[in-house]
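**Student:** Just passing along the structure, written as structure tokens.
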Amino acid sequence: MWIDGAWLIPVFPLIAFLIISLVPKKWLIYEGGGPYIIGLSTASFIISILVIIDVLNGHTLTGSASPSISWIVAGNVEIRFGIWVDQLTAVMLLVVSLVGTLVVIYSVGYMHAEGERKRRYYAEIALFISVMFGLVLASNYILLFIFWELVGLCSYLLIGFWKEKPSAASAAKRAFIVTRVGDIMLMSSLIILLQSVGSLDFVALFRNDSLATMSPEMATLAMVLLFGGAIGKSAQFPLHEWLPDAMEGPTTVSALIHAATMVKAGVYLVARSFPMLVQAPDSLAVIAVIGGITALIAASNALVMNDIKRVLAYSTISQLGYMMLALGAGGLIIVAFLHEGAHEGIGAGYSSGMFHLMNHAFFKALLFLAAGSVIHGIGTQDLRQMGGLGKVMKVTSITMLLGSLSIAGIPPFSGFWSKDEVLATTFHAYENAAAYNDVFLLLWIMGVATAFMTAFYMFRMWFMAFSGTQRSEGHVHESPRVMTWPLIILASLAVGSGFAMFIGSGFFSFMSESIASIGSNVVVEAVDPVEQLVEIFSSPLTYASLIVSVIGLLTAYMIYYKGKWSVANLSKGIAGRMQRLLANRYYISWFYDAFAYNIVYGMSLVADIFDRYVIDGAINGIAWLSRKTGEILRRGQTGYVQTYVAVILLGACLLILFLVLFGGGR
Amino acid sequence: MIPMIDWLIFAVLLLMVGAYGVLTAKNGIIVLMSIEIMLNSANISLVAFSAYSSELHGYNDLMGQVIALASITVAAAEVAVGLAILLVLYKRYGTIDVDKMNILRW
């Protein structure tokens, strides 16, 4: 059974990391060690596929079947070291191994000119992929948290890869510190869970009554804090500002962070914790609301960005918001129907969130790598200096068009199927989640508005980059084949991965198996593909999201291709004020900076004074006291041998006197 | 026979003489000699205890004499070392006056 060898998957990239970072330079014959990580991550990919086949055949390593060894024992708390493989893990393994491998292959071309530093790059990428595998395979929250932090560390290292650039160094620090805010929330949640449940193993926590020992308020608090970790990691509002800044790293790193590792870890955490989240329904509402707000805010920011990578970064945040929205809404639907007997496919919300995650991984990796190809070819990231690249960079422009169609939600590309399901789930929650009806109607409208903006900004980007004529000097060339082939593979996945819904018993039925422990009626029944298609295309909801997407696409076409409406006109009056608000990212960064400079800096000053005068004062006082005492006592050391002898004799006499007086005789 | 207590008084007086020499002498050799006197006072008391052992607890205990002999041997070795040190001091400072040897002070 290959599934028993699932622990090998993170080990291979780890070996690549050790080889590249430890073996002397002269033995790494080619491209700073790139081939090692390509070979070993391909090995991980092959084992992942074999494991996924086992999972498809119904074998999982969950519950008591999950292999683990005792790791840390302290009192009555035992922390185990083990792996947990179910349908959710399988999807994550596929995403991480496939995208990771394609990114490192692409890196050989993209990072070609980096010289000596390639070795550091490949070592860090290898570690990044390895710890992400570890994160999705971990069988308890402690292990997951360790890998979670390591993922944060690797993204810090890679965002700051060009460390001599001050902007890159500060972006890396920002990513590290902002995600740390979320990590502290996650850690407090784990402490609450450990305190009241007594274990952090998935086995113990995923029982249906695992949170029953806590008061409902405490359970909700723990789950909201758990989601707090995901807010930081997955760049959700209000901690989303680090992700656009993270564009200072190499584009390959952005592709990896956005598509496979790092930000997907937060969505994975929420999906993984589903059996606990449904026990605290209010936390699911929080997740859905934060997701919906994030989707809308980030999409509106993407409308005005002029940096090709920032457009994509905001689109990632927006799509992650969709995933959170789907998970929150799906969870509330489960809560509503869990005890009402059979109800068709109540696990569909959860599955649609993960479906969007998978499709997003493919089309976002494609879009980032294509953007990297553009940057490689023209040497700038500014959309205003591009234009007309479609004639020269044929492969890049076509693959990017496919990716844009996919993310914009145009059928039959993959983004359409999953985005449609996400919005359908939200609407379903409006109809069924008793206490939150109105909220979900609003969230659905926000989701549809986001779909419009997504189509608009993606095609604004595409038309600005590839159509018309070039707006800057300089020779443009198509990227080498080592970079275009990963694009072609990812483009075919971006087109095709949506059909996973219709293959076999369908993605939804497969995915919902992983939360079957919540209740048997969450498992989605296998549906006939034709019936499913009819169902999708007979729903008015589908047409609502489809029509707004097409309108968005056409608006971008009219403005940026035909030039019907002048961009300059849009920069005046209220529209111009809106534009400035968006371009300044709602002043959220500004607010954080003001907060940091005034309040945190003030608190630091107080702490500094306390440290300087109270803590240091105590330490220095003790030192001063010993020095003064020493200065007095040193006078006794005359250096004359006879003084010492005299003191010895005096001592002896006193001793004898003492014995005679108090010795008590014989 | 001279009583035991007289021997002990003699030994104490000898010790005092030695100690006085150690504390007051300026010359290093005289200090060494005074130390030898102090050692000999100890030897005398040891031999005296040995000689009076049969009176004190019924049998002849030779341990005191054995220790006195060992002490004399050690004293000989100690004098050799002490004189060597004084020789080196003289070579280095041109004097063996112990009042001048005060570099081990504050």
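The values are calculated or read from the model by the stated rules, or taken from the named source; none is laboratory data. Keep in mind that this is a model prediction, so the values were computed, not measured. Note that each Cβ is placed from the backbone with ideal geometry, even for glycine, and that neighbours are counted across all protein chains shown. The protein model used for the area step is the full one, side chains on, heavy atoms only, and it has no ligands, DNA or RNA in it. Shrake-Rupley method; radii C 1.70, N 1.55, O 1.52, S 1.80 Å.
**Student:** Could you run through the stretch B:28-60 and say how many residues are closer than 29 Å to residue A:647 by Cβ, of a type outside the set (Val, Ile, Thr) and open to solvent by less than 60 Å² (accessible area, probe 1.4 Å)?
**Tutor:** Selection size over the stretch B:28-60: 11.
**Student:** Can you tell me which of (1) free of Cβ contacts under 8 Å to residues at least 12 places away in the same chain; (2) within 24 Å of residue A:25 (Cα to Cα); (3) part of a helix (DSSP H, G or I) is the one residue A:163 doesn't meet?
**Tutor:** Unmet condition: (3).
**Student:** Residues being at the interface with chain B (Cβ under 10 Å from one of its Cβ atoms), surrounded by fewer than 10 Cβ atoms within 10 Å (Cβ to Cβ) and of a type outside the set (D, E, K, R): count how many of those fall in the stretch A:618-646.
**Tutor:** Here the count works out to 0.
**Student:** Quick one: what pairs do we get from the stretch A:1-12, first residue part of a helix (DSSP H, G or I) and at pLDDT 85 or above, second open to solvent by less than 50 Å² (accessible area, probe 1.4 Å) and among the hydroxyl-bearing types (Ser, Thr, Tyr), C-beta under 6 Å, 6+ apart or different chains?
**Tutor:** Short answer, once both residue conditions are applied: A:9/A:44; A:9/A:48; A:10/A:130; A:12/A:44.
**Student:** Any residue at all in the stretch A:653-660 that's away from every other protein chain (no Cβ under 14 Å) and more than 30 Å from residue B:23 (Cα to Cα)?
**Tutor:** Looking through the stretch A:653-660, none of the residues is away from every other protein chain (no Cβ under 14 Å) and more than 30 Å from residue B:23 (Cα to Cα).
**Student:** Filter the stretch A:73-121 down to residues that are within 28 Å of residue A:2 (Cα to Cα) and in contact with a helix residue (DSSP H, G or I) (Cβ under 7 Å, 6 or more places away or on another chain), then give me how many there are.
**Tutor:** 25
**Student:** Quick check on the stretch A:80-87. Is at least one of its residues in contact (Cβ under 8 Å) with a residue 60 or more places away in the chain, in a helix (DSSP H, G or I), within 21 Å of residue A:275 (Cα to Cα) and more than 26 Å from the chain's Cα centre (by Cα)?
**Tutor:** no
So that you can scan it fast, the table gives a plain yes or no per residue for (1) open to solvent by less than 10 Å² (accessible area, probe 1.4 Å); (2) not in a helix (DSSP H, G or I):
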position	(1), (2)
A:254	yes, no
A:265	yes, no
A:271	yes, no
A:276	yes, no
A:279	no, yes
A:288	yes, no
A:294	yes, no
A:297	no, no
A:313	yes, no
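**Student:** Checking residue A:208 against (1) assigned to a helix (DSSP H, G or I); (2) touching a helix residue (DSSP H, G or I) at 6+ places or on another chain (Cβ under 8 Å), which test does it fail?
**Tutor:** (1)
**Student:** Is it fair to say residue A:212 is out of contact with any strand residue (DSSP E or B) (no Cβ under 9 Å at 6 or more places or on another chain) and surrounded by 21 or more Cβ atoms within 10 Å (Cβ to Cβ)?
**Tutor:** No.
**Student:** Further question: Name the one entry in A:585, A:612 that is on the phi > 0 side of the Ramachandran plot and either surrounded by 15 or more Cβ atoms within 10 Å (Cβ to Cβ) or at pLDDT 80 or above (or both).
**Tutor:** When all the criteria are applied, what remains is A:585.
**Student:** So which of A:47, A:72, A:20 ends up being farther than 23 Å from residue A:356 by Cβ, assigned to a strand (DSSP E or B) and either touching a strand residue (DSSP E or B) at 6+ places or on another chain (Cβ under 9 Å) or open to solvent by less than 40 Å² (accessible area, probe 1.4 Å) (or both)?
**Tutor:** A:72
**Student:** Looking only at the stretch A:348-394, which residues are assigned to a helix (DSSP H, G or I) and more than 27 Å from the chain's Cα centre (by Cα)?
**Tutor:** A:377, A:378, A:384, A:385, A:389, A:390, A:391, A:394
**Student:** If you scan the stretch A:464-494, which residues turn out to be more than 24 Å from the chain's Cα centre (by Cα) and of a type in the set (A, V, I, L, M, F, W, C)?
**Tutor:** A:464, A:465, A:466, A:476, A:482, A:483, A:485, A:488
**Student:** Do we find that residue A:453 is under 24 Å from the mean Cα position of the chain (by Cα) and open to solvent by less than 40 Å² (accessible area, probe 1.4 Å) in this structure?
**Tutor:** Spelling it out, residue A:453 is indeed under 24 Å from the mean Cα position of the chain (by Cα) and open to solvent by less than 40 Å² (accessible area, probe 1.4 Å).
**Student:** All but one of (1) crowded, with 19+ Cβ neighbours inside 10 Å; (2) at negative phi hold for residue A:33, so report the exception by its number.
**Tutor:** (2)
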